[in-house]
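Student: Supplied in structure tokens, the structure appears directly below.
The values are calculated or read from the model by the stated rules, or taken from the named source; none is laboratory data. Please read these numbers as outputs of a predicted model, since none were measured by experiment. Cβ coordinates were reconstructed from backbone atoms using ideal geometry, including for glycine residues, and neighbour counts include every protein chain displayed. Heads up: the accessible areas ignore ligands, DNA and RNA and are worked out on the full protein's heavy atoms, side chains in. Shrake-Rupley method; radii C 1.70, N 1.55, O 1.52, S 1.80 Å.
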Amino acid sequence: MTEFRLDAGSGDLAQTIAVTTSGGIPEVIWWGPALPEGEDLAELAASVRNDLTGGMLDRLPALSLCPEAGRAFQGQAGLVLSAEDGAPMLPVFSFERAEEDDTLLRLVSVAEGLRLTHELRAYPTGVIGLRTVLDAKRPVRLHWLAAPVLPAPQDGDIIDVHGKWTREFHLNRVAWTPGIRLREARTGRSGHEHPPYVILAGRGATNSAGEARALHYGWSGGHRMVAEELPDGRRQVQFGHAWGAETAPGMRFETAELLAVSSRAGLNGIGAAFQRDIRDRVVTWPDPARARPVHYNCWEAIYFNHNLADLAAIADRAAEMGAERFVLDDGWFGRRDDDTTSLGDWTVDQRKWPDGLHPLIAHVHKLGMTFGLWFEPEMVNPDSDLMRAHPDWMLGPADQVAGRNQMVLDLSKPEVREYLFNAVSEILAEYPIDYIKWDHNRLLPVVDAAQTRGIYELLASLRKAHPAVEIESCASGGGRIDAGILSHTHRVWLSDSNDALERLRMQHDAALFLPAAITGSHVGPRKSHTSGRVLPMSFRAWVAAQRHFGFEMDLRELKGEEAATLKSVTAWWKANRGWMLGGTIHRIDSDDPAVVAEVQMAADGGRFVLFAGQGETSVQILPRPLRLIGLEPEARYRLRLVNPEDAPRQSRGPNALKSGELTLTGRALMQRGVLLPVAWPVTIWVVEGERV
Ligand code: GLA
């Protein structure tokens, strides 16, 4: 027997993965909170060896980093492949060697003509990245390759994520049962439907307490997750590209990186680890010191009706409200008057913009804002010059059904990537643009990993050629949010819903995986364009201020009081973004289901802000105290209500925060909690805390 371990992270987020091998592919004997340094791994390996009984083979097939069908593993195998002629292969691997240093463990196993490499990498952010590579001496057909397979704990639940257009990031919490829980994104995107995240919550784990482990598969082309409880009771979790995503025979295949975290501080530990990893490692910022600018996006203001006079007037209002970046959305190119035409023809529409975009950009610059532009490069409308010239550039069968009237370009073709590189580059060369909203608005007609590799390559070459340009990943809102796309981009458009009530919940749940700094959130129109709800400005503004703040509405609709509120929330956000966006979002276990609340804590622990959103009317008359989280128990904090003006007329009691500051210890604030004034539905209390 030979054992190895890899450690990452510190404190409550310190984790260890330990493996053993007795000659075959290594198997994980520990994944969870860090093991003591002195743990005897040989003893640990011995301790997990199982007994046998009736109804079993005479040796238990290992739940290894790649469970093997060739060894009669009873559950889902980690590798399914066939020879080039289609004959199934059932290789049996033996362990060959390990390479290791403090941050990397590479485990190599071999079988006839095949080599399987499992890489475990410890990142400074505390995350462990797991990747599998398969090399073959002769071309083979790959159906399924799992990233290094981990055993799941025997207690607790599975929390995974589902969603749909305008309602992203909904959490499912389900019990383990014998058999398989399968989540597969077969739409060519990581998707609204099955985002590639899972949390294995220990028994009773809450936001603030308990043990949890979590995985995030960093791939944008659609993935498959198998969470399986075997007949013998062992549990495994596998992640890989969607089944059959490798469509051509090949001699080398690799999975995307599977990011693993472990927390002894409840689900918030998972959130803290992923938030930090995405912000500080996965995303590569052109200028990390540059503050996240207040966005303005014109989509819900004018849709396709571009004209200089309107946009200039809106830009004036945006600048007056405090915007720092003005984004021209869909409608500026080809003859794009609606969504039936012109995707692929990335030249400025001379009818709408006779002098090009220069007059608008000059106006925007004069107002002190930078300029951003919308593209959807992977797509093409049948009614476009591009499609007429290159019908063979389309991905998938000729007779496929369109999606939003559009087809997909085959990004595995170098000539397609070259065309798109040049098309986008020409615009970036002609105009001073510091930001691209990169959209992707249809489900793909086929699942093909080559398409995803193609888009990564295109983005990488554009980034290289235009290093100062930031990119936002949008896919009808949150249809492509994963660490794969985020290693090429800097922001995600979480949802096409600018309804602040929907956003409040979505943002809160997405915070388990995404930091505030990359999560776009905009103040939408008074009457939401995706739900019809009419919401007060204060609520809309404060919900957006919880993340990367912006506006997306016709600002000419603002009444005096609304404008004043928006201006003041914007000013507050600008004054606080410096520490807020580098901090951590902790989700509060609210004792009132009508209240969604979170603490955003500065990285140095010196200050925080509490957002308590009242979604609906509470059952009880008076607010329940909100027990804060992430504070130092012994430290003292001074609390100040930022928006007392939002108190409803019926608030007539002596709540302390309404009339002044309060100074309490972290213990008191975490144990008993903060008592807020009564609140109307669709209002938010915002409380600043400072360590004294
Ligand atoms: C998608 C995006 C929107 C907007 C439109 C433009 O739906 O999610 O934000 O950019 O495309 O067509």
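Student: Any idea which of (1) free of Cβ contacts under 8 Å to residues at least 40 places away in the same chain; (2) open to solvent by 50 Å² or more (accessible area, probe 1.4 Å); (3) more than 24 Å from HIS508 (Cβ to Cβ) is the one ARG638 doesn't satisfy?
Tutor: Looking at each condition in turn, ARG638 falls short on (1).
Student: Right, here's the next one. Go through the range 495-531 and give me each residue that's within 10 Å of the ligand (Cβ to nearest atom) and either assigned to a strand (DSSP E or B) or under 19 Å from GLN600 (Cα atoms) (or both).
Tutor: Result: GLY520, HIS522.
Student: In this structure, does ASP399 turn out to be more than 25 Å from HIS241 (Cα to Cα) and assigned to a loop (DSSP other than H, G, I, E, B)?
Tutor: yes
Student: Quick one: is ASP310 more than 16 Å from the ligand (Cβ to nearest atom), among the acidic types (Asp, Glu) and under 18 Å from SER487 (Cα atoms)?
Tutor: On the way: more than 16 Å from the ligand (Cβ to nearest atom): yes; among the acidic types (Asp, Glu): yes; under 18 Å from SER487 (Cα atoms): no.
In short, no.
Student: Restricting the search to the range 275-291, which residues are outside any loop (DSSP other than H, G, I, E, B) and among the charged types (D, E, K, R)?
Tutor: ARG276, ASP277, ARG279, ASP280, ARG281
Student: Go through (1) more than 16 Å from the ligand (Cβ to nearest atom); (2) open to solvent by less than 50 Å² (accessible area, probe 1.4 Å); (3) within 24 Å of ILE433 (Cα to Cα) for GLU320 and report which single condition fails.
Tutor: (2)
Student: Here's another thing I want to ask about it. Yes or no: TRP353 away from the ligand (no atom under 16 Å from the Cβ) and not in a strand (DSSP E or B)?
Tutor: Details: away from the ligand (no atom under 16 Å from the Cβ): yes; not in a strand (DSSP E or B): yes.
Yes, satisfied.
Student: Looking at ALA45, ALA18, which is the one that is closer than 23 Å to GLY75 by Cα, within 31 Å of the chain's Cα centre (by Cα) and in the same structural domain as ARG115 (by TED's automatic domain parsing)?
Tutor: From the options ALA45, ALA18, the qualifying one is ALA18.
Student: Let me ask another. Does any residue in the range 534-559 that is more than 16 Å from ASP496 (Cβ to Cβ) come within less than 9 Å, Cβ to Cβ, of a residue that is of a type in the set (Ser, Thr, Tyr) and in a helix (DSSP H, G or I) six or more places away or on a different chain, and which pairs are these?
Tutor: Matching pairs, first to second residue: PRO536/THR565; MET537/THR565; SER538/THR565; ALA541/THR565; ALA541/SER568; ALA541/THR570; ALA545/THR570; PHE549/THR570.
Student: What is the one condition in (1) open to solvent by 60 Å² or more (accessible area, probe 1.4 Å); (2) within 24 Å of ALA256 (Cβ to Cβ); (3) without any contact (Cβ under 8 Å) to a residue 60 or more places away in the chain that GLU100 does not satisfy?
Tutor: (3)
Student: If you check every pair at least six apart or on different chains, which have Cβ atoms under 6 Å apart with a residue in the range 466-489 that is without any contact (Cβ under 8 Å) to a residue 40 or more places away in the chain and within 10 Å of the ligand (Cβ to nearest atom) first and a residue that is in a strand (DSSP E or B) and hydrophobic (A, V, I, L, M, F, W, C) second?
Tutor: Going by the 6 Å Cβ cut-off, the qualifying pairs are CYS474/TRP493.
Student: Let me ask something else about it. Can you tell me which residues in the range 434-454 are closer than 22 Å to TRP299 by Cβ and away from the ligand (no atom under 16 Å from the Cβ)?
Tutor: ASP434
Student: Please determine, by comparing only the residues of the range 1-41 that are assigned to a loop (DSSP other than H, G, I, E, B), open to solvent by less than 30 Å² (accessible area, probe 1.4 Å) and aliphatic (A, V, I, L, M), which one is nearest to LEU215 (Cα to Cα).
Tutor: ALA14
Student: Considering each of THR370, THR284 in turn, give the residue that is within 28 Å of ALA511 (Cβ to Cβ), away from the ligand (no atom under 13 Å from the Cβ), open to solvent by 20 Å² or more (accessible area, probe 1.4 Å) and under 24 Å from the mean Cα position of the chain (by Cα).
Tutor: None of the others qualify; the one that does is THR284.
Student: Could you go through the range 382-394 and let me know if any residue there is open to solvent by less than 20 Å² (accessible area, probe 1.4 Å), within 16 Å of the ligand (Cβ to nearest atom), modelled with pLDDT of 95 or more and in a strand (DSSP E or B).
Tutor: Checked the range 382-394: no residue is open to solvent by less than 20 Å² (accessible area, probe 1.4 Å), within 16 Å of the ligand (Cβ to nearest atom), modelled with pLDDT of 95 or more and in a strand (DSSP E or B).
Student: Additional query: Count, please, the residues in the range 411-434 that happen to be closer than 26 Å to GLY550 by Cβ and crowded, with 21+ Cβ neighbours inside 10 Å.
Tutor: 2
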